[in-house]
Structures are given as C-alpha cells and as structure tokens.
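Chemist: First, the structure itself, so that you have it in front of you.
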Amino acid sequence: MLQQDKLVIALPKGRILDEAMPLVRAAGIEPEAAFDDPHSRLLRFTTNHPHIDIIRVRSFDVATFVAFGAAHLGIAGNDVLMEFSYPEIYAPLDLGIGGCRLSVAEPDDIAATDDPGRWSHVRIATKYPEITRRHFARRGVQAECVKLNGAMELAPTLGLCSRIVDLVSSGATLKANGLKEVEVIAQVTSRLIVNRAALKTRPDEMSGWIEAFRRARGAQA
Ligand SMILES: Nc1ncnc2c1ncn2[C@@H]1O[C@H](COP(=O)(O)OP(=O)(O)OP(=O)(O)O)[C@@H](O)[C@H]1O
Ligand SMILES: O=P(O)(O)OC[C@H]1O[C@H](OP(=O)(O)OP(=O)(O)O)[C@H](O)[C@@H]1O
C-alpha cells in the first residue's frame with residue numbers, strides 16, 4: 001500500500017546511480033549524508049524534504065517497488081520496464097542517461113548461412129526472458145530461454161545455448177568472449193517512472209516532481 005504521508009523515490013544502485021544523482025539533486029532533492037557513505041548499510045534515506053525518502057535498490061527491483069506502490073517514483077531503464085510490462089507504471093520522462101542497447105548475440109564463428117528466419121526453436125541465455133520470448137515469437141520462432149543474471153557471454157561457448165540476449169554498450173564484452181552482435185532488439189535509456197495510483201491520489205505533488213525532473217534533464221542537456 002502507498003504510504004500517504006511520505007513520498008518514496010526508488011533509485012537504482014550501480015552504474016545508473018552515478019548518472020542519476022546529478023538529476024536528482026538538480027530536481028531539488030538532496031539525500032542525507034549516509035547516502036554517500038560507502039560503508040553505510042542503510043537502504044532508506046531521508047532527504048532535505050521532510051516528507052520525501054529515497055530507497056536504493058537493485059536496478060531490476062526499482063520497477064517492482066514502484067508498481068506495487070512501495071515507492072511512488074523511480075528511475076529504471078526501459079529494458080526493465082519492457083521485461084516486466086507492469087500496467088501500474090507510467091513512464092513520463094526519458095532521462096537520457098544509462099544509454100545502451102538490448103541485442104541478440106551469437107558466437108562469431110557461426111556460419112553466416114545460419115539464417116534466423118529458418119529457426120523454429122532456439123535456446124537463448126538471457127536476463128530478459130519475457131522480452132526474448134516476445135521478440136522471437138513475432139517471427140514465429142519459439143525461444144527457449146535459459147535465465148541467467150550475469151556473464152551471459154559465457155553461455156554459447158560453453159554449449160549452454162546458441163545465442164544470448166543481453167545489454168551492449170561498447171561491445172567490448174561480446175568481443176572479448178568471442179561473440180558478435182547480430183540484431184538490436186531495443187535502444188535503452190533510463191526513465192523516470194511513477195505509480196499510476198499515486199498520480200491519481202496525489203496529482204499536484206506527483207506532477208510537480210515530474211516537472212522538476214523534466215527541468216533538471218533540460219538543464220543537463
Ligand atoms: N553496459 C550496460 N550493462 C548493463 N546495464 C546497463 C549498461 N548500460 C546501461 N545500463 C543500464 O543499467 C541497468 C543495470 O545497471 P547495473 O548494471 O548497475 O545493474 P545490474 O547489473 O542489473 O545490477 P545487479 O547486479 O543488481 O543485477 C540496466 O537495466 C540498463 O538500463
Ligand atoms: O558492451 P559493454 O560495454 O561491454 O557492456 C555490456 C556488458 O555490461 C553489462 O555487464 P556488467 O559489467 O554490468 O555486469 P553484469 O553482467 O553484472 O550486469 C552487460 O551485462 C554486458 O555484459
């Protein structure tokens with residue numbers, strides 16, 4: 001249930017946070033000092049606004065906290081949003097950070113004649129099984145997904161699968177592990193997301209923070 005008194009903002013720990021914090025601060029939200037203490041085990045932080053708290057969670061969990069109303073706003077990549085497709089989430093703002101792409105990759109020694117159009121079934125290692133299944137189903141291919149949470153690039157050469165679906169930025173990890181990118185499924189950036197119920201129950205406050213982030217993004221552009 002949404003806590004009517006506090007406004008809770010879910011931020012992703014890890015690589016996105018470094019790009020997100022300048023936007024959060026430019027929007028006028030400053031977390032307590034413990035937020036920047038690398039030794040702190042706190043997960044919830046007060047801010048310069050008495051009625052606003054920040055929670056710092058795994059990137060994949062930001063969408064879940066917001067969808068279930070445990071948080072009112074959050075920052076998550078559209079890769080995560082596409083994977084979960086939560087109807088409770090509205091994503092009004094592309095923050096222009098966390099850029100990468102979600103792609104299909106295969107061992108670079110696979111014969112070029114292995115045309116995906118001729119597959120009827122394919123086994124794929126991925127952190128994104130729902131996106132992967134939907135993507136291949138659109139071309140009539142049944143994708144059997146092997147769920148992994150990291151180091152996907154090892155799977156094909158170890159015989160676990162024939163291909164992977166994973167995030168790509170520079171392409172260095174694919175190249176270092178003997179894989180090549182063969183198809184881009186989606187371009188990825190991080191988005192400001194909000195809980196739809198919160199938007200209805202506290203519209204002025206929620207709209208105000210959406211606009212604050214929009215102005216912050218504009219200022220950073
Ligand atoms: N090169 C990249 N690799 C992975 N994620 C990236 C990359 N570039 C941008 N991102 C964005 O960052 C998010 C993942 O961030 P991060 O890697 O910190 O989390 P994670 O690896 O999922 O963390 P965890 O270890 O908690 O699973 C992705 O959902 C994506 O939106
Ligand atoms: O194209 P590149 O610049 O090489 O980036 C892509 C790699 O980055 C991510 O892994 P990360 O290092 O974040 O570890 P993870 O597998 O735990 O996400 C992602 O899973 C790819 O492996």
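Chemist: With every protein chain kept in place and ligands, DNA and RNA left out, what is the accessible area per residue of the chain? Probe 1.4 Å, answer in Å².
Modeler: Working: 10970 Å² over 221 residues.
It amounts to 50 Å² per residue over the chain.
Chemist: Which lysines, on any chain, are close to LYS6 with Cα under 30 Å apart, when same-chain ones fewer than 8 places away are left out?
Modeler: Reachable lysines: LYS200.
Chemist: If one computes the Cα centroid of the range 173-211 and of the range 29-73, what distance in Å separates the two points?
Modeler: Going from one Cα centre to the other spans 17 Å.
Chemist: Show me 66-74, 33-41, 212-220 ranked by packing, highest mean number of other Cβ atoms within 10 Å first.
Modeler: Details: 66-74: 22.8, 33-41: 9.8, 212-220: 15.7.
By packing density, highest mean first, the sequence is 66-74, 212-220, 33-41.
Chemist: Among SER59, THR47, GLY96, whose Cα sits farthest toward the positive end of the charge dipole of the range 1-145 (+1 at Cβ of Lys/Arg, -1 at Cβ of Asp/Glu, about the Cα centre)?
Modeler: Value computed over the given set: SER59.
Chemist: Might you report the magnitude of the Cβ-based charge dipole of the range 100-185 about its Cα centre, with Lys and Arg at +1 and Asp and Glu at -1, to the nearest 20 debye?
Modeler: Working: 12 positive and 11 negative charges, 70 e Å.
Roughly 340 debye for the range 100-185.
Chemist: In debye, nearest 20: dipole of the chain around its Cα centre with unit charges on the Cβ of K, R (+) and D, E (-)? Don't skip to the answer; put the middle values down first.
Modeler: Details: 27 positive and 27 negative charges, 73 e Å.
The dipole of the chain has a size of about 360 debye.
Chemist: Could you compute Rg(Cα) / (2.2 N^0.38 Å) for the range 100-185, with N its residue count? Write out the running numbers ahead of the final one.
Modeler: Details: Rg = 11.6 Å, N = 86, 2.2 N^0.38 = 12.0 Å.
Here the Cα radius of gyration is 0.97 times the empirical estimate.
Chemist: Still on this structure: Based on DSSP H runs of at least 4 residues, each adding -39500 (n - 2.57), what is the mean residue ellipticity at 222 nm of the chain after dividing by all its residues, to the nearest 500 deg cm²/dmol? Show your work: numbers first, answer last.
Modeler: Numbers: 7 runs with 66 residues, N = 221.
Rounded to the nearest 500, it is -8500 deg cm²/dmol.
Chemist: Rank THR64, THR189, THR173 by mean-square fluctuation in a GNM of the chain with C-alpha springs under 10 angstrom and give only the top-ranked residue.
Modeler: Per the Cα network of the chain with a 10 Å cutoff, THR173 tops the list.
Chemist: I'd like to know how the chain sits against the 2.2 N^0.38 Å rule of thumb: what's its Cα Rg over that expected value? Intermediate values should be presented prior to the final figure.
Modeler: Values: Rg = 19.5 Å, N = 221, 2.2 N^0.38 = 17.1 Å.
With N residues counted in the chain, Rg over 2.2 N^0.38 Å equals 1.14.
Chemist: Additional query: So which lysines pass the test for LYS180, namely a Cα distance under 28 Å, with those fewer than 8 places away in the same chain ruled out?
Modeler: LYS127, LYS147
Chemist: Would you work out what percent of the accessible area of the chain, with all protein chains in place, is carbon or sulfur (probe 1.4 Å)? Write down the numbers at each step before the final one.
Modeler: On the way: 5910 of 10970 Å².
Summing carbon and sulfur atoms, their accessible area is 54 percent of the total for the chain.
The values are calculated or read from the model by the stated rules, or taken from the named source; none is laboratory data. These numbers come from a predicted model, not from an experiment. In this analysis, Cβ positions are derived from the backbone assuming ideal geometry, glycine residues included, and neighbour counts consider all displayed protein chains. When the accessible area is computed, the model is the full protein with side chains, heavy atoms only, and any ligands, DNA or RNA have been set aside. Shrake-Rupley method; radii C 1.70, N 1.55, O 1.52, S 1.80 Å.
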